[in-house]
2 protein chains.
Amino acid sequence: MTDRNPAAGKPIRTAISDEDGIDFAIIELFFFAYRDFTSDPDQILADYGFGRAHHRVLHFVNRRPGLTVAELLDVLKITKQSLARVLKQLIDTDHVVQLQGPRDRRQRELYPTAKGRALALALARPQSRRIHAALEDTGAPERALVERFLEAMVNPELRAQIDVGSAKMSGKSHGEH
Amino acid sequence: MTDRNPAAGKPIRTAISDEDGIDFAIIELFFFAYRDFTSDPDQILADYGFGRAHHRVLHFVNRRPGLTVAELLDVLKITKQSLARVLKQLIDTDHVVQLQGPRDRRQRELYPTAKGRALALALARPQSRRIHAALEDTGAPERALVERFLEAMVNPELRAQIDVGSAKMSGKSHGEH
DNA sequence: AGATTATGTCAGTACTATTGACGTAATTTC
DNA sequence: GAAATTACGTCAATAGTACTGACATAATCT
C-alpha cells in the first residue's frame with residue numbers, strides 16, 4: 001500500500017501551470033488570501049463558542065438591520081435548517097433581536113443589539129486592518145480597482161445583494177420603500 | 001419567543017458602515033466573490049462524490065508534483081487526520097499516486113495521474129474563466145495588481161508557500177535541487 | 001374559506017474539521 | 001548499535017456546518 005499500485009496510472013512529474021491557459025496563480029492566491037482573511041475572526045469567534053456561520057449572520061444583520069429571515073437565507077445561500085441553530089444561538093446570547101414585521105406580522109426583522117454590534121466590529125477590525133495593509137502594499141489609488149475586480153467575480157445575477165453602493169450612504173440599509 | 005425578550009438589548013436600527021473606519025465593502029465583496037468562485041468546481045466535484053477538500057489536495061498535488069504528505073499538510077493548514085480520508089479516496093480512485101521518497105524512504109511523494117491531472121484542469125477551468133471575465137471587466141493591465149493585492153492579503157510568514165513566481169516558469173515545480 | 005407565505009422545528013445524514021492516542025518503519029543522534 | 005526522532009498511517013470520539021424532507025403554525029392573500 002505504500003508504493004505504486006500496478007493497476008494505477010503513471011505519476012505525472014511536471015507541474016501544472018498557467019501555460020494551459022488556466023490562471024492557476026490567481027486561483028491559488030485567492031485560496032490563500034481567503035484562508036488567512038477568515039483566520040483573523042475565527043480566533044475571536046472561538047472565545048464565544050461561535051463559528052464562521054455566526055460571523056456571517058452577525059455581519060449581515062449589522063449591515064442591513066431589519067432584514068427578514070428569508071432575506072438572510074437568500075444572501076447567505078444556505079437553508080433554513082442551517083441558519084436555525086446559528087441564529088437561535090445569536091438570539092439567546094443577546095447579540096441579535098427579532099422584531100415582528102410591521103407590515104407583515106409573519107416576518108421577523110432581525111436587528112443587532114449593542115452587544116451584537118460590538119462583536120461585529122471586533123470581528124471586522126482585523127480583517128479591515130489586513131485589507132488596508134494589503135492596499136498600502138499595492139498602492140493607494142487601487143482600492144476602487146480591487147473592489148471592481150471582486151464585484152466582477154460575483155455571479156452577475158447576485159450582484160444585487162451587494163451593498164457597495166449603500167455602504168457609502170450612512171444609516172439606512174438597502175432599498176427601503 | 002417571537003417578539004422581543006424584555007431582558008434583551010434594544011435593537012439597533014442603523015446599518016454599520018465604512019464610516020467606522022472599517023472596510024465593510026471589501027470584506028463583504030470578498031465573501032461573495034469567494035462563495036461564487038468556489039461554487040463552480042463544487043458542482044463538478046459533486047458528480048464524483050468529492051468535496052472541496054478533494055479539490056484542494058488535487059490542486060496542490062498538480063501544482064507541486066512530488067510534494068510529501070507533511071508538505072501538503074503545511075500548505076493546507078489542516079491536520080493529518082483530516083487529510084487522511086480525502087487523500088485515501090483520491091488514491092483509491094486513481095487520481096493520485098504515492099511514491100516512496102528517493103532520499104528518505106519514510107516519505108510519500110504525491111503525484112497526479114493523467115486522470116488526476118484532467119480533473120484538476122476541469123475544476124480550474126470555470127474558475128479561470130471567471131477570473132478572466134472579471135479582469136476584462138476591470139481592465140487588462142490590472143492583472144498584476146490583483147495578484148499583488150491577493151498576495152499581500154496572505155500572512156507574510158506564509159507567502160513562501162505561494163508559487164506565483166514559479167507559475168511563470170513552465171514545467172518544473174518549486175525549487176528543485 | 002382556501003391557498004399561499006414566512007417562519008420554526010424535527011429527524012436523519014454528509015462533509016470537513018478537530019484532539020488524542022498508538023503503531024510502524026526509517027533515519028538520525030549519541 | 002541502541003535510543004530518539006521523524007514521517008506516515010490509523011483508530012476513536014467529537015464538533016461545526018451544511019443538506020433533504022417533512023410537518024406545524026400563524027398571517028396574509030385570493
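Quick one: would you say B:L121 is within 14 Å of DNA strand D (Cβ to nearest atom) and modelled with pLDDT of 95 or more? No; evaluated as a whole, the condition is false for this residue.
Of the residues making up the range B:61-71, those that are within 11 Å of DNA strand D (Cβ to nearest atom), open to solvent by less than 40 Å² (accessible area, probe 1.4 Å) and not β-branched (V, I, T) number 2.
Give me the residue from the range B:77-104 that is near DNA strand C (Cβ under 10 Å from one of its atoms) and within 9 Å of chain A (Cβ to nearest Cβ) and, out of that set, nearest to A:R13 (Cα to Cα). The selected residue is B:Q100.
Right, A:L58: touching a residue at least 60 places away in the same chain (Cβ under 8 Å), over 30 Å from B:E147 (Cβ atoms) and surrounded by 14 or more Cβ atoms within 10 Å (Cβ to Cβ) or not? Taking the combined requirement at face value, the residue satisfies it. Restricting the range B:126-137 to residues that are facing chain A (nearest Cβ under 7 Å) and touching a residue at least 12 places away in the same chain (Cβ under 8 Å), the residue that is most open to solvent (accessible area, probe 1.4 Å) is B:R130.
Kindly establish whether A:D74 is outside any loop (DSSP other than H, G, I, E, B), of a type outside the set (G, A, S) and surrounded by fewer than 18 Cβ atoms within 10 Å (Cβ to Cβ). Spelling it out, A:D74 is indeed outside any loop (DSSP other than H, G, I, E, B), of a type outside the set (G, A, S) and surrounded by fewer than 18 Cβ atoms within 10 Å (Cβ to Cβ). Here is the figure for the range A:40-55: residues that are open to solvent by 40 Å² or more (accessible area, probe 1.4 Å) and either in contact with an Asp or Glu (Cβ under 9 Å, 6 or more places away or on another chain) or more than 7 Å from DNA strand D (Cβ to nearest atom) (or both) total 7. Pick out the one residue from B:L145, B:L123, B:L119 that is assigned to a helix (DSSP H, G or I) and facing another protein chain (nearest Cβ under 7 Å). Matching residue, one of B:L145, B:L123, B:L119: B:L145.
Of the set (1) over 21 Å from B:H54 (Cβ atoms); (2) within 11 Å of another protein chain (Cβ to nearest Cβ); (3) away from DNA strand D (no atom under 15 Å from the Cβ), all apply to A:F31 but (1).
The values are calculated or read from the model by the stated rules, or taken from the named source; none is laboratory data. This one's a predicted model, so the numbers in the text were calculated from it and none came from an experiment. Because the Cβ atoms are built from the backbone with ideal geometry, glycine has one as well, and the counts that use them run over all protein chains shown. Calculation scope for accessible area: heavy atoms of the full protein, side chains included, ligands and nucleic acids excluded. Shrake-Rupley method; radii C 1.70, N 1.55, O 1.52, S 1.80 Å.
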